[in-house]
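Peer 1: Below you'll find the structure I mean.
The values are calculated or read from the model by the stated rules, or taken from the named source; none is laboratory data. Predicted model only: the values in this text are computed from it and were never measured. Ideal geometry is used to build each Cβ from the backbone, glycine not excepted, and the neighbour counts take in all protein chains shown.
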Amino acid sequence: MSTEKILVTGGAGYIGSHACVELMQAGYDVIVIDNLSNSKPESLARVEKITSKSLVFVEADICDKQALSDIFSAHDIYAVMHFAGLKAVGESCLQPIKYYQNNVYGTLVLTEVMQAFAVNKIIFSSSATVYGEPDTVKYTEDLPVFGATNPYGKSKAMVEDILKDLAQADSLSNTENPWKIILLRYFNPIGAHISGLIGEDPNGIPNNLIPYVSQVAVGKLEQLSVFGGDYPTIDGTGVRDYIHVVDLVKGHLNALAALKNTSGCKAYNLGAGKGYSVLEIITAFTRITGKDINYKIVERRTGDIAEYYADPDLALRELNWQTEKSLDDMISDTWRWQSANPNGYE
Ligand code: NAD
Ligand code: UDP
């Protein structure tokens, strides 16, 4: 058991709250900074309920240098898990400044304060979207980070560049405290903690498939629009690599352990290595929940790719991590959370 202190930015959010649970259960002390722009403090109360432990919560923005400095002054932080960020692709196209400000500038402030306090370990929530639209469906980490199609994806690629440059700068100087950075490129995180107490709680009408399907199943939404039925995939609908959120955050704990022996900046895919189509998801959802999903195939969504999934081999070799949960686990855990909390944390 470790008693190191981990600063979790965005810890009240969907993935951050699950990370807090796994960290606390592994014995880490957790300090959360979150401005609650896309979350509710109730998620952290539930984290404490699941773990029977308490965490430190600071309601503040990562762009607020003073607030961050106060946290690093008050706590001897071992490493940072950096989840804080805005993530809505469509909104990022309408409000690019907001996205670059929050995601890129926020990370600059965070790393500046980390450097001032000689905290050199960070794990960053990146995304498969940084690969743009490569000529392959199986993504390996050595593909170029190039061609993200929207400001959200570009902000992730920019932050990756900034973090790589920090490591590069170390290699040019003889610093005694070089950066140790891991970029984790998520595929499609879904599911919820097995307790049903925490899960994804999107604001308004969801953009993503699983929250949308869940709300159709629970009766909050009428009909799912399936975006495109004529892709060159097994059944014409889009194929993605869905990964259980608990598997995903366990990848972060393995990355945290690996940071001790990491030098510089390394990127890893976190995915299952297998894709499922939208229709396969609907069929599995119906089978597991017993609810019919009313859906209609409509036009393709602008910017969508037909099919992609992770090559997760590097994470297996170097982080000793692979997914353990099945699609059935992902859907039954989503359903447990959704049916027990039809209005999320409200
Ligand atoms: P989320 O919106 O549920 O969580 C993000 C949290 O960060 C929220 O609690 C929000 O209030 C907080 N936050 C945002 N900006 C902040 C700021 N400036 N200061 C302090 N707190 C701030 O999203 P999530 O799904 O948990 O995603 C976590 C991270 O993983 C994000 O960086 C996201 O881009 C990345 N990611 C998510 C997915 C996904 O499908 N969920 C896929 C790839 C990458
Ligand atoms: N999708 C869909 N209807 C929806 C939302 C998503 O058909 O209401 C499809 C989308 O076209 C893609 C897959 O579901 O093929 C996953 O989309 P999501 O938005 O969840 O994640 P993305 O892969 O776009 O990040």
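Peer 1: With the requirement that a residue be more than 15 Å from Ile123 (Cβ to Cβ) and of a type in the set (D, E, K, R), what does the stretch 9-47 give you?
Peer 2: Once the filter is applied, which keeps residues that are more than 15 Å from Ile123 (Cβ to Cβ) and of a type in the set (D, E, K, R), the stretch 9-47 yields Asp29, Asp34, Lys40, Glu42, Arg46.
Peer 1: Here is a follow-up. Helices (runs of 4 or more DSSP H) wholly in the stretch 82-189 with at least 3 residues that are β-branched (Val, Ile, Thr), modelled with pLDDT of 95 or more and within 16 Å of ligand 1 (Cβ to nearest atom) - which ones?
Peer 2: Values: elements: 89-94, 96-99, 106-116, 151-172.
The helices (runs of 4 or more DSSP H) meeting that bar are 106-116.
Peer 1: Mind counting the residues in the stretch 174-208 that are within 22 Å of Ala79 (Cβ to Cβ) and within 15 Å of ligand 2 (Cβ to nearest atom)?
Peer 2: Going through the stretch 174-208 one residue at a time, the tally reaches 3.
Peer 1: Hey, another quick one. Tell me which residues, restricted to the stretch 57-73, are surrounded by fewer than 17 Cβ atoms within 10 Å (Cβ to Cβ), more than 21 Å from the chain's Cα centre (by Cα) and of a type outside the set (Lys, Arg).
Peer 2: Within the stretch 57-73, Asp64, Gln66, Ser69, Asp70, Ser73 meet the criteria.
Peer 1: Taking the stated definitions as given, is Gly11 more than 17 Å from the chain's Cα centre (by Cα), assigned to a loop (DSSP other than H, G, I, E, B) and not β-branched (Val, Ile, Thr)? First the steps, then the outcome.
Peer 2: Working: more than 17 Å from the chain's Cα centre (by Cα): no; assigned to a loop (DSSP other than H, G, I, E, B): yes; not β-branched (Val, Ile, Thr): yes.
Against the criterion (more than 17 Å from the chain's Cα centre (by Cα), assigned to a loop (DSSP other than H, G, I, E, B) and not β-branched (Val, Ile, Thr)), Gly11 does not qualify.
Peer 1: Does Asp34 fit the bill of being of a type in the set (Asp, Glu), near ligand 1 (Cβ under 9 Å from one of its atoms) and within 15 Å of Val80 (Cβ to Cβ)?
Peer 2: yes
Peer 1: Give me a count of the residues in the stretch 315-346 that are loosely packed, with under 14 Cβ neighbours inside 10 Å and in contact with a Lys or Arg (Cβ under 7 Å, 6 or more places away or on another chain).
Peer 2: Final tally of qualifying residues: 1.
Peer 1: When you scan the stretch 204-217, how many residues do you find that are among the small types (Gly, Ala, Ser) and either surrounded by fewer than 23 Cβ atoms within 10 Å (Cβ to Cβ) or in a loop (DSSP other than H, G, I, E, B) (or both)? Write out each step before concluding.
Peer 2: So the first thing to find is which residues in the stretch 204-217 are among the small types (Gly, Ala, Ser), and the list is 204, 214, 217.
Okay, now just the ones that are also either surrounded by fewer than 23 Cβ atoms within 10 Å (Cβ to Cβ) or in a loop (DSSP other than H, G, I, E, B) (or both), so 204.
Going through the stretch 204-217 one residue at a time, the tally reaches 1.
Peer 1: Return yes when Glu141 is among the acidic types (Asp, Glu), closer than 16 Å to Gly106 by Cβ and touching a Leu at 6+ places or on another chain (Cβ under 8 Å) and no when it is not.
Peer 2: Judged against the criteria, Glu141 is not a match.
Listed here are the residues, each with its yes/no results for (1) closer than 24 Å to Lys274 by Cα; (2) touching a Pro at 6+ places or on another chain (Cβ under 9 Å).
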residue: Gln101; (1), (2): no, no
residue: Val113; (1), (2): no, no
residue: Ile122; (1), (2): no, no
residue: Thr129; (1), (2): yes, no
residue: Phe146; (1), (2): yes, yes
residue: Thr149; (1), (2): yes, no
residue: Glu176; (1), (2): no, no
residue: Tyr186; (1), (2): yes, no
